[in-house]
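**Q** Below: one structure in structure tokens.
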């Protein structure tokens, strides 16, 4: 199970906040909404459990750092201090969280289900081929969410900006492998750029994980 509820994570780890670094705690306290703050804490705690499982260490030994390459702030693509071979990704949304650690690039995204489609937004974030898939899907809202999560997960896995990834076509999945196409996606390179795609849905949320083929993965 990739998806966890925030409440289940915090109930199992009432001291989860104690593992956070000072920058993480400051970011958590900056949330005005208590639920959003709990989501943040639960996701960062879960990320440490995932890294600990992969690296065979105690969660207290896991230090996560985020540094924005643009502004230098404590956000952006995460790094596991002292464990160069380990990558980590996490996501949280409206009471649901997920985290993964891997021996290669990885990206995970969690989104709430049930939002109506915005016809103005679709051409801004989807390619023509992707919009056609949404239009012919049995449940257009679910298909849009699937495509959107692929793009969000690619941002985290590749380190590219969302603006860059929005132009990629992510509608092609064969045998559980995603092959994005578009400027900078490396699809035209040797063998193309393929990703193992795993998806999970509940009544309220959806989660999508992308990893490179052959990657060792662990999640909490």
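Every residue, every condition in (1) farther than 19 Å from residue 195 by Cβ; (2) part of a helix (DSSP H, G or I), yes or no:
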site	(1), (2)
115	yes, no
131	yes, yes
134	yes, yes
144	yes, yes
148	no, yes
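**Q** I've got another one for you. For the stretch 200-210, enumerate the residues that are outside any loop (DSSP other than H, G, I, E, B) and either closer than 15 Å to residue 112 by Cβ or at pLDDT below 95 (or both).
**A** Step one: list which residues in the stretch 200-210 are outside any loop (DSSP other than H, G, I, E, B), which gives 200-201, 205-210.
200, 201, 205, 206, 207, 208, listed by residue number.
**Q** Something else now. Any chance you could count how many residues in the stretch 82-91 are in contact with a helix residue (DSSP H, G or I) (Cβ under 7 Å, 6 or more places away or on another chain) and either surrounded by fewer than 24 Cβ atoms within 10 Å (Cβ to Cβ) or assigned by TED's automatic domain parsing to the domain that holds residue 146 (or both)?
**A** 2
**Q** Here's another thing I want to ask about it. If I ask for residues that are farther than 15 Å from residue 67 by Cα and surrounded by 14 or more Cβ atoms within 10 Å (Cβ to Cβ), which ones from the stretch 26-37 would you list? Steps first, answer last, please.
**A** So the first thing to find is which residues in the stretch 26-37 are farther than 15 Å from residue 67 by Cα, and the list is 28-37.
Passing the criteria: 28, 31, 36, 37.
**Q** For the stretch 131-167, give me the residue count where each residue is in contact with a helix residue (DSSP H, G or I) (Cβ under 8 Å, 6 or more places away or on another chain) and closer than 22 Å to residue 115 by Cβ. Show your work before the answer.
**A** To start, the set of residues in the stretch 131-167 that are in contact with a helix residue (DSSP H, G or I) (Cβ under 8 Å, 6 or more places away or on another chain) comprises 131, 133-134, 137, 140, 143-144, 147-148, 151-152, 154-155, 158, 160-162, 165-166.
Checking the rest, the ones that are also closer than 22 Å to residue 115 by Cβ come to 131, 133-134, 137, 140, 143-144, 147-148, 151-152, 154-155, 162, 165-166.
The qualifying residues number 16.
**Q** State whether the residues of the stretch 92-100 include one that is more than 17 Å from the chain's Cα centre (by Cα), surrounded by fewer than 23 Cβ atoms within 10 Å (Cβ to Cβ) and assigned by TED's automatic domain parsing to the domain that holds residue 21.
**A** If we filter the stretch 92-100 for residues that are more than 17 Å from the chain's Cα centre (by Cα), which is where we start, we get none.
Within the stretch 92-100 (the criterion being more than 17 Å from the chain's Cα centre (by Cα), surrounded by fewer than 23 Cβ atoms within 10 Å (Cβ to Cβ) and assigned by TED's automatic domain parsing to the domain that holds residue 21), the answer is no, since none of the residues qualifies.
**Q** Right, something else. Filter the stretch 163-179 down to the residues that are outside any strand (DSSP E or B) and either within 17 Å of the chain's Cα centre (by Cα) or in contact (Cβ under 8 Å) with a residue 40 or more places away in the chain (or both) and list them by number.
**A** To start, the set of residues in the stretch 163-179 that are outside any strand (DSSP E or B) comprises 163-168, 170-172, 175-176, 179.
If the condition is that a residue be outside any strand (DSSP E or B) and either within 17 Å of the chain's Cα centre (by Cα) or in contact (Cβ under 8 Å) with a residue 40 or more places away in the chain (or both), then 163, 164, 165, 166, 167, 168, 170, 171 are the ones that fit.
**Q** Got a sec? Which of 152, 130 is within 20 Å of residue 104 (Cβ to Cβ) and either touching a strand residue (DSSP E or B) at 6+ places or on another chain (Cβ under 7 Å) or assigned by TED's automatic domain parsing to the domain that holds residue 50 (or both)?
**A** Result of the check over 152, 130: 152.
**Q** Moving on. Cβ-Cβ distance below 6 Å, separation of 6 or more or different chains: which pairs start in the stretch 14-32 with a residue that is without any contact (Cβ under 8 Å) to a residue 60 or more places away in the chain and end on one that is assigned to a loop (DSSP other than H, G, I, E, B) and surrounded by 14 or more Cβ atoms within 10 Å (Cβ to Cβ)?
**A** Filtered contacts from the stretch 14-32: 23/74.
**Q** Another question, if that's okay. Quick one: residue 50 ticks every box in (1) touching a helix residue (DSSP H, G or I) at 6+ places or on another chain (Cβ under 9 Å); (2) under 23 Å from residue 111 (Cβ atoms) except a single one, so which number is it?
**A** Answer for residue 50: the failing condition is (1).
**Q** Now for a different question. Kindly provide the set of residues from the stretch 20-36 that are closer than 23 Å to residue 58 by Cα and either modelled with pLDDT of 95 or more or within 21 Å of the chain's Cα centre (by Cα) (or both), ordered by number.
**A** Initially, the stretch 20-36 is screened for residues closer than 23 Å to residue 58 by Cα, giving 20-25, 28.
Once the filter is applied, which keeps residues that are closer than 23 Å to residue 58 by Cα and either modelled with pLDDT of 95 or more or within 21 Å of the chain's Cα centre (by Cα) (or both), the stretch 20-36 yields 20, 21, 23, 24, 25, 28.
**Q** Can you pull out every residue in the stretch 66-81 that is surrounded by fewer than 16 Cβ atoms within 10 Å (Cβ to Cβ) and at pLDDT 95 or above?
**A** Within the stretch 66-81, 81 is the sole residue that qualifies.
**Q** Residue 184 passes all but one of (1) surrounded by fewer than 18 Cβ atoms within 10 Å (Cβ to Cβ); (2) touching a helix residue (DSSP H, G or I) at 6+ places or on another chain (Cβ under 7 Å); (3) assigned to a strand (DSSP E or B); which number fails?
**A** (3)
The values are calculated or read from the model by the stated rules, or taken from the named source; none is laboratory data. This structure is a prediction, so every number in the text was calculated from the model and none was measured. We place every Cβ from the backbone using ideal geometry, glycine too, and count neighbours over all the protein chains shown.
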